[in-house]
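See structure below.
The values are calculated or read from the model by the stated rules, or taken from the named source; none is laboratory data. Computed from a prediction, not measured in an experiment: that's the story for all the values here. Please note: Cβ atoms are built from the backbone with ideal geometry, for glycine as well, and neighbour counts cover all protein chains shown.
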Amino acid sequence: MTAFPLEAVRARFPSLATKDGASRRIYLDNPAGTQVPRSVADAIGDAILNKNANLGGDFPTSRAAGSIIERGHGAMADFLGCDEDEVIIGPNMTSLTYHFSRMIGRGLKPGDEIIVTQMDHEGNVSPWLQLADDLGLNIRKVPFSTGSWTVEEDVLKAAITDRTRVLALNYSSNLTGATNAVGELVAIAKAAGILTYVDAVQFAPHGLCDVGALDCDFLVCSAYKFFGPHLGILYGRRSVLEKLDAYKCRCSDNALPYRFETGTPQIELVAGLEATVDYIAWLGGECGEDGRRRQKIAAAYSASIAHENALCGELIDGLLQVDDLTVYGITDKARFSERVPTVSFTLADISPQELVNRLNEEGIFCWAGHNYAWEVVHQLGIDPDQGVVRIGIANYNTAEEIAETVEAVQRNVRMLRQG
């Protein structure tokens with residue numbers, strides 16, 4: 001494995017380039033959405049300008065559009081470690097979860113139970129809560145530990161009953177950054193005959209998704225979190241998908257995976273999705289892997305994790321030098337394998353928005369608020385109207401950017417406290 005090729009990575013992203021007369025931009029809003037490589041934008045532009053047709057026609061542009069859709073599924077199969085017909089592409093993770101929760105609900109009966117966690121993004125909570133209201137189901141909420149910052153196995157086991165039918169859980173928290181031991185949690189659910197639905201939106205930009213190793217039934221992620229266009233992707237275990245009664249038009253394709261992809265797909269964005277996966281594979285090649293696309297993707301993540309963890313350590317070290325500042329999540333560098341580089345904090349005497357406004361004005365892009373981690377803020381006793389300051393690192397960020405951000409946080413806190 002070679003050193004992380006940071007300069008080569010940054011050269012692929014037009015938005016990161018210094019522009020004459022432009023103010024600096026430090027993108028640390030990455031948990032909400034990353035920047036995209038030029039190759040992704042080019043693929044989208046080529047598709048909509050030169051291959052713009054609906055599917056199913058016997059003419060060149062329609063055939064080219066059909067090839068884009070097939071290749072997009074193939075690329076995500078390599079990304080997730082599954083077969084192409086187990087990949088469903090949709091508008092976003094939340095819409096896919098609402099859609100699939102309703103199909104899953106067709107097999108549930110009043111009194112059946114769904115487990116959700118208090119560590120999840122609201123996109124993997126509200127669809128199940130509302131399904132329960134619709135069908136007379138029961139919801140069991142599993143808290144996370146503020147010692148480990150994860151959902152612990154014994155707590156999950158205690159929540160399972162003979163009426164539990166679905167477990168909805170996340171891979172990594174979009175507020176604390178903590179990463180669950182998903183394989184172990186899924187194994188507990190599987191032993192009890194429970195369907196598992198994993199939200200990997202926050203994990204996928206920072207770690208290799210391997211649905212075969214996890215043995216989950218469903219896993220969802222969002223391409224715009226890992227350098228791609230605004231699309232959601234769902235993996236579904238084939239044997240489970242085959243049993244689901246799809247909400248679809250009577251005359252539309254009934255084959256997997258297309259019976260779950262209603263209407264005309266966003267063809268140009270799927271072209272960008274393939275380019276996104278190819279960009280990650282390119283990074284793996286730059287890091288010394290010369291194997292197939294899946295192996296290159298794995299190599300890219302191995303190198304990115306090491307780079308991101310170093311930056312995350314510098315960020316947390318700098319934040320913890322500020323008096324009356326609380327970081328929510330794992331701060332011990334020895335445990336960084338159990339987190340992604342999403343860092344949230346509050347100050348005892350300064351509102352998150354007040355600090356973030358100042359950082360944004362300086363060209364440091366980050367977020368204030370609950371960030372849809374609705375259950376998380378409530379378990380932690382954080383005012384949801386105030387939320388947290390959230391800073392999220394991507395692999396194109398630099399040590400200099402983190403140092404500038406730490407200095408800006410420390411300086412602005414001093415200024416605000418001095419009045």
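Just one of the listed residues (Ile305, Ile316) is more than 22 Å from Ala3 (Cβ to Cβ), in contact with a helix residue (DSSP H, G or I) (Cβ under 9 Å, 6 or more places away or on another chain), of a type in the set (A, V, I, L, M, F, W, C) and in contact (Cβ under 8 Å) with a residue 24 or more places away in the chain, namely Ile316. Taken as a whole, the structure leaves Ile393 outside the set of residues that are among the β-branched types (Val, Ile, Thr), out of contact with any Pro (no Cβ under 7 Å at 6 or more places or on another chain) and surrounded by 18 or more Cβ atoms within 10 Å (Cβ to Cβ). The requirement of being in a loop (DSSP other than H, G, I, E, B) and either of a type in the set (A, V, I, L, M, F, W, C) or at positive phi (or both) is not satisfied by Ile297. Looking at the structure I just gave you, is Leu214 surrounded by 24 or more Cβ atoms within 10 Å (Cβ to Cβ), farther than 14 Å from Ala75 by Cα and of a type in the set (A, V, I, L, M, F, W, C)? Spelling it out, it is not the case that Leu214 is surrounded by 24 or more Cβ atoms within 10 Å (Cβ to Cβ), farther than 14 Å from Ala75 by Cα and of a type in the set (A, V, I, L, M, F, W, C). Does the range 63-106 hold any residues that are under 20 Å from Tyr197 (Cα atoms) and either free of Cβ contacts under 8 Å to residues at least 24 places away in the same chain or of a type in the set (Ser, Thr, Tyr) (or both), and which are they? Of everything in the range 63-106, those that are under 20 Å from Tyr197 (Cα atoms) and either free of Cβ contacts under 8 Å to residues at least 24 places away in the same chain or of a type in the set (Ser, Thr, Tyr) (or both) turn out to be Ala77, Thr94, Ser95, Thr97, Tyr98, Ser101. Looking only at the range 82-107, residues that are surrounded by fewer than 19 Cβ atoms within 10 Å (Cβ to Cβ) and part of a loop (DSSP other than H, G, I, E, B) come to 5 in all.
If the condition is being within 11 Å of the chain's Cα centre (by Cα), of a type in the set (Ser, Thr, Tyr) and either in a strand (DSSP E or B) or farther than 18 Å from Phe100 by Cβ (or both), then the range 165-179 contributes Ser172, Ser173.
Annotation: of all residues in the range 394-408 being hydrophobic (A, V, I, L, M, F, W, C) and in contact with a strand residue (DSSP E or B) (Cβ under 8 Å, 6 or more places away or on another chain), the one that is nearest to Thr342 (Cα to Cα) is Ala394.
Scan the range 136-155 and give yes if some residue there is among the small types (Gly, Ala, Ser), modelled with pLDDT of 95 or more, outside the structural domain of Gly329 (by TED's automatic domain parsing) and closer than 27 Å to Tyr258 by Cα, otherwise no. Looking for residues that are among the small types (Gly, Ala, Ser), modelled with pLDDT of 95 or more, outside the structural domain of Gly329 (by TED's automatic domain parsing) and closer than 27 Å to Tyr258 by Cα, one finds none in the range 136-155, hence no. Could you check the range 133-152 and list, in sequence order, the residues that are crowded, with 20+ Cβ neighbours inside 10 Å and either over 27 Å from Ser95 (Cβ atoms) or without any contact (Cβ under 8 Å) to a residue 60 or more places away in the chain (or both)? Within the range 133-152, Leu137, Val142, Trp149, Thr150, Val151 qualify.
Residues in the range 218-265 that are polar (S, T, N, Q) and either surrounded by 21 or more Cβ atoms within 10 Å (Cβ to Cβ) or in a helix (DSSP H, G or I) (or both): Ser222, Ser239.
For the range 341-369, the set of residues classified as touching a residue at least 40 places away in the same chain (Cβ under 8 Å) and out of contact with any Asp or Glu (no Cβ under 8 Å at 6 or more places or on another chain) consists of Thr342, Val343, Ser344, Phe345, Thr346, Ile350, Glu354, Leu355, Arg358, Leu359, Glu362, Gly363, listed by residue number. Within the range 153-164, the only residue that satisfies the criterion of being buried (at least 19 other Cβ atoms within 10 Å of the Cβ) and either assigned to a strand (DSSP E or B) or free of Cβ contacts under 8 Å to residues at least 24 places away in the same chain (or both) is Thr164.
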